[in-house]
1. For the stretch 149-165, give me the residue count where each residue is over 19 Å from Glu190 (Cβ atoms), in contact (Cβ under 8 Å) with a residue 24 or more places away in the chain and within 13 Å of ligand 2 (Cβ to nearest atom).
2. Just to be sure, is Gly170 within 16 Å of ligand 1 (Cβ to nearest atom), assigned to a loop (DSSP other than H, G, I, E, B) and under 18 Å from Val192 (Cα atoms)?
3. Any idea which of Phe191, Phe264, Phe255 is part of a loop (DSSP other than H, G, I, E, B) and buried (at least 17 other Cβ atoms within 10 Å of the Cβ)?
4. For the stretch 70-77, check the following and say yes or no: at least one residue is under 24 Å from Ser141 (Cα atoms), at pLDDT 95 or above, among the small types (Gly, Ala, Ser) and touching a strand residue (DSSP E or B) at 6+ places or on another chain (Cβ under 9 Å).
5. Which one of Ala74, Ala51, Ala62 is surrounded by fewer than 23 Cβ atoms within 10 Å (Cβ to Cβ), within 25 Å of Ala151 (Cα to Cα) and not assigned by TED's automatic domain parsing to the domain that holds Pro284?
6. Name the residues in the stretch 225-238 that are crowded, with 17+ Cβ neighbours inside 10 Å and assigned to a loop (DSSP other than H, G, I, E, B), would you?
7. Would you mind stating whether Lys241 is in contact with a Ser or Thr (Cβ under 9 Å, 6 or more places away or on another chain), surrounded by fewer than 22 Cβ atoms within 10 Å (Cβ to Cβ) and either in the same structural domain as Ser49 (by TED's automatic domain parsing) or not acidic (Asp, Glu) (or both)?
8. Would you check which residues across the stretch 202-259 are over 30 Å from Phe304 (Cβ atoms), of a type in the set (Asp, Glu) and modelled with pLDDT of 95 or more and list them?
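The values are calculated or read from the model by the stated rules, or taken from the named source; none is laboratory data. In this text the structure is predicted, and so the values were computed from the model without any measurement. Backbone-built Cβ (ideal geometry, glycine too); neighbour counts: all protein chains shown.
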Amino acid sequence: MRSRSYKTITFAALTLSAGFLALTAARRGSASGKRIESVDFGKVVRATSPAFDARLAPVSDAEVKAFRIPITDATIEIAKGVSYRGWTFGGTVPGPVIRVRVGDQVRITVLNQSPIPHSIDFHAARIPANVAYRMIMPNDSISFDFVARDAGAFMVHCGTPPVTMHIMQGMYLPIIVDPRNGWGTTADKEFVLVQSEFYAKPGDSRQLQSAVMAPMQPDWQAAMAKQASHVVFNGRAFQYKDNPLKVDVGDRVRFFVVNAGPSFNSDFHLVGAIFDRVYPDGDPAHALTGVQTYTIPAGGGAVFETVFEQNASGEGLYPFVTHSFADAEKGAVGIIQVGVPKQYAHMEH
Ligand code: CU
Ligand code: CU
């Protein structure tokens, strides 16, 4: 199966559209005829302004997919006007979105460009954890391959102790593994949503005297008490309330939802619609039908589908929430805008 004789040449930079996952693809027919696609997440960074770009491009048909992921510290915005000194994969929280297909060879290289040890744990992989998920020291790197065998929406995260700290600092990303022959339906739009919590407290008080806007810092006590300051989709509180995800009337929409935690469940619900399909773990073999709310455990994922049909869930605004409402109040609310609806001054949720 594997060949070490691949020689790759860069042939194209495919930019699918502004803000979309741009792939720098390197491919060539090798002796085995396998197509290779390489993405350097040090160079291809997902847009986070005005909101983290939740749109997904289709999976490519390259059989070998290689991803280079740098670990860096970064100042991120966890709510409007609230900055936080985080630890990241690829400079954003969540980190880069990876999409592959069942049967693909996935080649991962992670470089630690931060001052402390980290690691990476792929829930989508079947691989000896002590080898692939070992500690990566500052300025060191790790490389490993795995074959994606299981369809789904999976969490990837830093597994360095204390894991709670590394996750609450922002070290997670989603990997989507498409079934070899697709999902069984044709989606008009696809989005990725990663729920997570932050436990933030004001920065150093000496800083506060001079710099009111000093980045927030992690509050370990609050994390151990599970008292989150913010609960968010894709790294920032309420961002899709201000910048709704847009679809058209009649669209079948597929949501890949991953719950990064570190400690809360996500009770995913779409106000004004019913999911005609939910795939727990993201595996179509687990299909549920006619679902109002589905709970995704911390460290889990699921795929949700609904159709925004005329005369049913047609033109209008549809909030998506975690139905654990104390968490929704802290930021885990967004809106799907179907068509161009009349805007009302007040809407619940
Ligand atoms: Cu880490
Ligand atoms: Cu894990």
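1. Adding up the residues that qualify gives 6.
2. yes
3. None of the others qualify; the one that does is Phe264.
4. Looking for residues that are under 24 Å from Ser141 (Cα atoms), at pLDDT 95 or above, among the small types (Gly, Ala, Ser) and touching a strand residue (DSSP E or B) at 6+ places or on another chain (Cβ under 9 Å), one finds at least one in the stretch 70-77, hence yes.
5. Ala62
6. Ala228, Ser229, Asn234, Gly235, Ala237, Phe238, listed by residue number.
7. So Lys241 fails the test.
8. Asp219, the sole residue that qualifies.
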